[in-house]
Amino acid sequence: MPRPIVAQIHPAAVSHNLSIVKQRASRSRAWAVVKANAYGHGIDRIFPALANADGIALLDLDEAVRVRELGWTKPILLLEGVFKPGDVQIAQQFDLSMAVHCREQLDLLRLSPSHERVKVHLKMNSGMNRLGFRPDAYRAAWEEARSIAAIADITLMSHFANADDGDVAWQMDRFDAVTQDIPGQRSLANSAAVLWHPQAHRDWVRPGVVLYGGSPTGQSRHIDDVGLRASMTLRSEVIGVQSLLAEETVGYGRAFAANREMRIGVVACGYADGYPRHASTGTPISIDGVMTQVVGRVSMDMLTVDLTPCPHAQIGSKVELWGEQVKIDDVAHASGTIGYELMCALAKRVPVEVV
Ligand SMILES: *Cc1c(COP(=O)(O)O)cnc(C)c1O
């Protein structure tokens, strides 16, 4: 018998969430962002749910080729562009669009054979200060891109640093000031801007985490009214029960002490499965559908829970670590991170089941 842990992937939730994006940004086309192997879900597994996306955006050339092999005929965007000369040929061969964020990438394209041209998203660093041409260098970069024979079409792109806490105007103003008389489509909006900044939707939106039911802010309450569904459920079972006397402790470091007699459940899930080790006592978890809390330190293969609210729980009781009932962002929040990281960090050893 394998351990009882399993990650369930729900493609129907992804297509539902995509339809919410399409309603919210109804005048824009949508790149479905599937980087990091679809935020840990597996591109192959959720691929059928993306049929209504207008394009697929990701980072790895291998993943892009895989998406073509799966039969995707609509656009594919490499969000960081290419890294070496050979990549341009592969992009041309598989008809991949690419971000161009620096002079070195323009050089790669200038040296490429022009018979198969590629579409580019020319990226402005409007304040994120990660990738892109600074506003004062953007127009020259665009002029240069326009003169390169291998470049077929230029979309103007930028990325927001804090669309999740309310402010995109400072970056949008910089972007618009420089691009107002440059022709071409625009793409600015990540998930947060899709939900909360309609003026940023423009021609192409780029939703990622919302497709998987995660909150762009990392706080589940911020998306309570959006109607997203969780696309990943991490399940396991209780594999042990202990009865503690008052003042006895549980687990490594004796980090949790019972203040009365209590029952503790031992769950087959630990940090080697991708569950965050920093989940503190109080992290929500569900046992046989009843909400309770993690207590003590998460160990490699197990964690411990308070069975007080679920007196009938026993070995074999069903556990939801995160999913539709236990919000992944709530688990993340109790661990000092965001749902994004937990999705991406699901460990290889966890068996996956497509529902
Ligand atoms: C990851 C990414 C996105 C999607 O971000 P979310 O916050 O998950 O919606 C959009 N654009 C770019 C350039 C990205 O790297």
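Odds and ends about this structure:
- Here is the figure for the range 180-191: residues that are crowded, with 24+ Cβ neighbours inside 10 Å and either of a type in the set (A, V, I, L, M, F, W, C) or away from the ligand (no atom under 15 Å from the Cβ) (or both) total 2.
- The numbered conditions (1) outside any loop (DSSP other than H, G, I, E, B); (2) more than 12 Å from the ligand (Cβ to nearest atom); (3) outside the structural domain of A347 (by TED's automatic domain parsing); (4) charged (D, E, K, R) are all true for D164 except (2).
Okay, residues lined up against (1) more than 16 Å from the chain's Cα centre (by Cα); (2) of a type outside the set (G, A, S):
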{"position": "P2", "(1), (2)": "yes, yes"}
{"position": "V6", "(1), (2)": "yes, yes"}
{"position": "P11", "(1), (2)": "no, yes"}
{"position": "V14", "(1), (2)": "no, yes"}
{"position": "S26", "(1), (2)": "yes, no"}
{"position": "A32", "(1), (2)": "no, no"}
{"position": "I56", "(1), (2)": "no, yes"}
{"position": "A64", "(1), (2)": "yes, no"}
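- Qualifying residue in the range 16-30 (condition: among the charged types (D, E, K, R), part of a strand (DSSP E or B) and within 16 Å of the ligand (Cβ to nearest atom)): yes
- The range 129-140 residues that are aromatic (F, W, Y), paired with ones that are assigned to a helix (DSSP H, G or I) (beta carbon under 7 Å, 6 or more apart): F133/A141; Y138/V178
- Some residue of the range 134-151 being more than 28 Å from the chain's Cα centre (by Cα), closer than 19 Å to A57 by Cα and modelled with pLDDT of 95 or more: yes
- Filter result for D136 (within 13 Å of the ligand (Cβ to nearest atom), assigned to a helix (DSSP H, G or I) and under 30 Å from P216 (Cα atoms)): no
- Residue that is nearest to A7 (Cα to Cα) [pool: residues in the range 290-327 that are touching a helix residue (DSSP H, G or I) at 6+ places or on another chain (Cβ under 9 Å) and of a type in the set (K, R)]: K327
- Lone unmet requirement of (1) closer than 30 Å to S19 by Cα; (2) in contact (Cβ under 8 Å) with a residue 12 or more places away in the chain; (3) not aromatic (F, W, Y) for G282: (1)
- Within the range 209-218, not a single residue is closer than 22 Å to A30 by Cβ, touching a helix residue (DSSP H, G or I) at 6+ places or on another chain (Cβ under 8 Å), more than 12 Å from the ligand (Cβ to nearest atom) and not basic (K, R).
- Any hit, the range 200-211, residues being surrounded by fewer than 22 Cβ atoms within 10 Å (Cβ to Cβ) and over 23 Å from P75 (Cα atoms): no
Yes or no, residue by residue, for (1) buried (at least 17 other Cβ atoms within 10 Å of the Cβ); (2) assigned to a loop (DSSP other than H, G, I, E, B); (3) not small (G, A, S); (4) not assigned by TED's automatic domain parsing to the domain that holds A189:
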{"site": "S112", "(1), (2), (3), (4)": "yes, yes, no, no"}
{"site": "H115", "(1), (2), (3), (4)": "no, yes, yes, no"}
{"site": "K123", "(1), (2), (3), (4)": "yes, no, yes, no"}
{"site": "T155", "(1), (2), (3), (4)": "yes, no, yes, no"}
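- Candidate set from the range 201-238 (those that are among the polar types (S, T, N, Q) and out of contact with any Pro (no Cβ under 9 Å at 6 or more places or on another chain)); member that is farthest from P4 (Cα to Cα): T217
- Restricting attention to the range 194-208, the residues that are under 30 Å from P284 (Cα atoms) and near the ligand (Cβ under 8 Å from one of its atoms) add up to 3.
- Counting the residues of the range 176-210 that are touching a strand residue (DSSP E or B) at 6+ places or on another chain (Cβ under 6 Å), in a helix (DSSP H, G or I) and within 18 Å of A32 (Cβ to Cβ) gives 1.
The values are calculated or read from the model by the stated rules, or taken from the named source; none is laboratory data. Only a predicted model underlies this, so the values are computations on that prediction, with no experimental measurement involved. Heads up, the Cβs are rebuilt from the backbone with ideal geometry, glycines too, and the neighbour counts pull from every protein chain shown.
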